[in-house]
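Let me begin by presenting the structure, written as structure tokens, before commenting on it.
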Amino acid sequence: MTYKPQNPFIVGRYVSPEYFCDRVEETATLTKHLTNGRNVALISPRRMGKSGLIEHTFGQEQIQAQYYTFFIDIYGTRSFSEMIYLFANNIYNQLKLRNTQWKERFFQIIRSLQVGVKFDNMSGAPTLDLSLGDITSPKTTLDEIFAYIDTADKPCLIAFDEFQQISEYRDETAVEAILRTHIQHCHNAQFIFAGSKRHLMSQMFLSPAKPFYQSTVIMGLEPIPLDTYTGFAQRLFRNAKKEVESRVVETVYHRFGGISWFVQMMMNELFAITPPDGCCTIEAIDVAFHNIVESQQMAFRELMDRVPTKQKQLLQAIAKADKAQNITSGEFIKRYNLPSASSVQSAAKALLADDLITQTDGVYSIYDRFFAAWICQNY
């Protein structure tokens, strides 16, 4: 039975091609690179739709028929051990529904995880019950994972999402070199390295001093064209016997710079508040925006409570300025009653590292427009 969501504007996950907008050219390009033996570094801002593009590509008939696919999101990892834990778990979880020799080989080759192997009481078949503490020798487990991949009965496509996270690991200083060596000698897999921090990803893949230099094709991801998204949105409304004015979609699109997650979130709420057989008009935009901010205020409050005072002061200033320039200047500091220039610089560095603000060509802004609006309303 085909899954049919009540609200067709899916936020934060991939469901099926029916609810995925465009990316025809990008899907074809990514498919071409992977099927022709090229690894890819996919670099674009957060929430532009990298994960959805990868999952959409992995769902193509050609890919499904010829490859095993694995998607590993390492955004929340803080160590090399955590990454290996996710890698091993992801591979096994993909395999446990398949009755193949490859599944059996998992337990034969990845012997460093024998402590995590349990046996089903009924069938006696081995299963993996792995905890982070079971990764006692990450390098050994990684060796075994790659040895295992090389024995697969079909080639593999492996995507690491938010790959720049490996530069933050403190338990192993040579993660890039270790991974590069394994990937270079892996003959049965192609890799996608997706990342949202441009400066870190560019440094990793474009710097001659780095292990991954010239090891991938570089792909970017731009916003979906407005006319394409407008047609997509109107089709989803129409399929549900609702209508949406084209200027509504255009206004939302420009308000959020075409960034997929934010546009989808707004359209999701606009769809929700449009009655059956009704038409969504321009007046609904402020209502939808208010509803979204209100629904997230508890999360925003908890987030703000965890931010140190000097960072909180800078967040408030950037939210009020909307697009802040020269944040260490005397004029900016005086206007928003901030501490010294050095304190502002230190706070900005920490906020950038935590992805709470973004900086492009010297202009600082709060990436989450809903969060910025909440700050302006409450501080």
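The values are calculated or read from the model by the stated rules, or taken from the named source; none is laboratory data. Values in this document were obtained by computation on a predicted structure and should not be read as measured data. Every residue, glycine among them, receives a Cβ derived from its backbone with ideal geometry; neighbour counts consider all protein chains shown. Each accessible area value is taken on the protein alone, full model and side chains, heavy atoms only, with ligands, DNA and RNA left out. Shrake-Rupley method; radii C 1.70, N 1.55, O 1.52, S 1.80 Å.
What is the extension gain from residue 238 to residue 331, computed as 0.36 nm multiplied by their sequence separation minus the C-alpha to C-alpha distance, in nm to one decimal? Present the calculation step by step, with values, prior to reporting the outcome.
On the way: separation 93, 0.36 × 93 = 33.48 nm, distance 5.11 nm.
Gain on stretching residue 238 to residue 331: 28.4 nm.
Check the straight Cα-Cα distances from residue 323 and name the aspartates and glutamates below 14 Å, setting aside those fewer than 8 residues away within the same chain.
Output for residue 323: 361, 368.
If contacts are Cα pairs under 8 angstrom and at least 6 residues apart, what is the relative contact order of the chain in percent? Please list the in-between numbers first.
Values: 507 pairs, mean separation 66.7, N = 379.
With pairs under 8 Å counted, the relative contact order is 18 percent.
Would you mind getting the accessible area per residue of the chain, heavy atoms of the protein chains only, 1.4 Å probe, in Å²?
Values: 18750 Å² over 379 residues.
Averaged over the residues of the chain, the accessible area is 49 Å².
Taking a virtual spin label 7 Å from the Cα of residue 105 along the C-beta vector, which residues in the range 163-201 bring their backbone nitrogen under 16 Å of it?
186-190
Over the alpha carbons of the range 15-54, what is the largest minus smallest coordinate on each principal axis, giving the biggest first in Å?
The Cα atoms of the range 15-54 stretch 29, 22, 16 Å along the principal axes, largest first.
Once you place label points 7 Å from the Cα toward the Cβ at residue 62 and residue 246, how far apart are they in nm?
3.3
Could you tell me the calculated FRET efficiency between residue 363 and residue 310, based on Cβ-Cβ distance and R0 = 35 angstrom, to the nearest 0.05? Write out the running numbers ahead of the final one.
Numbers: r = 21 Å, r/R0 = 0.59.
E(calc), rounded to 0.05, equals 0.95.
Quick one: which of 28-34, 239-245 comes out on top by average Cβ neighbours within 10 Å, and what's the full order, highest first? Before the final figure, lay out each step's value.
Numbers: 28-34: 17.7, 239-245: 15.1.
Descending mean neighbour count gives 28-34, 239-245.
Run the numbers for residue 378 and residue 90: contour at 0.36 nm per residue of separation, minus the present Cα-Cα distance, in nm.
Numbers: separation 288, 0.36 × 288 = 103.68 nm, distance 4.13 nm.
Gain on extension, residue 378 to residue 90, equals 99.5 nm.
Which FRET efficiency value, to the nearest 0.05, do you get for residue 181 and residue 214 by plugging their Cβ-Cβ distance into 1/(1 + (r/R0)^6) with R0 = 22 Å? Before the final figure, lay out each step's value.
Numbers: r = 15 Å, r/R0 = 0.69.
Given R0 = 22 Å and the Cβ-Cβ separation, E is 0.90.
With the cut-off at 22 Å, tell me which of the pairs 139/349; 50/210; 50/139; 50/154; 310/349; 103/154 have Cα atoms farther apart than that. Write out the running numbers ahead of the final one.
Working: 139/349 32 Å; 50/210 24 Å; 50/139 28 Å; 50/154 25 Å; 310/349 12 Å; 103/154 13 Å.
Violating the 22 Å limit, Cα to Cα: 139/349; 50/210; 50/139; 50/154.
How charged is the neighbourhood of residue 296? Take every other residue with its Cβ under 14 Å from the Cβ of residue 296, and add Lys/Arg as +1 and Asp/Glu as -1.
Numbers: positive: 301, 369; negative: 269, 294, 302, 368.
Summing Lys and Arg as +1 and Asp and Glu as -1 gives -2.
Rounded to the nearest 500, what is the chain's calculated 222 nm mean residue ellipticity when only DSSP H runs of at least 4 contribute -39500 (n - 2.57) each, over all residues? The partial results should precede the final answer.
Numbers: 17 runs with 185 residues, N = 379.
Taking each H run of at least 4 residues, the total per residue is -14500 deg cm²/dmol.
Place the peptides 281-287, 355-361, 190-196 in order of packing, highest mean first, counting for every residue the other Cβ atoms within 10 Å and averaging per peptide.
190-196, 355-361, 281-287
Mind checking which lysines have their Cα closer than 26 Å to the Cα of residue 241? Skip sequence neighbours fewer than 8 apart in that chain.
4
Carbon-plus-sulfur fraction of the accessible area of the chain, 1.4 Å probe, in percent? Don't skip to the end; give the middle numbers.
Working: 9020 of 18750 Å².
The C+S portion of the solvent-accessible surface of the chain is 48 percent.
What distance in nm lies between label points placed 7 Å from Cα along the C-beta direction at residue 143 and residue 29?
Taking the two extended label points, one gets 4.0 nm.
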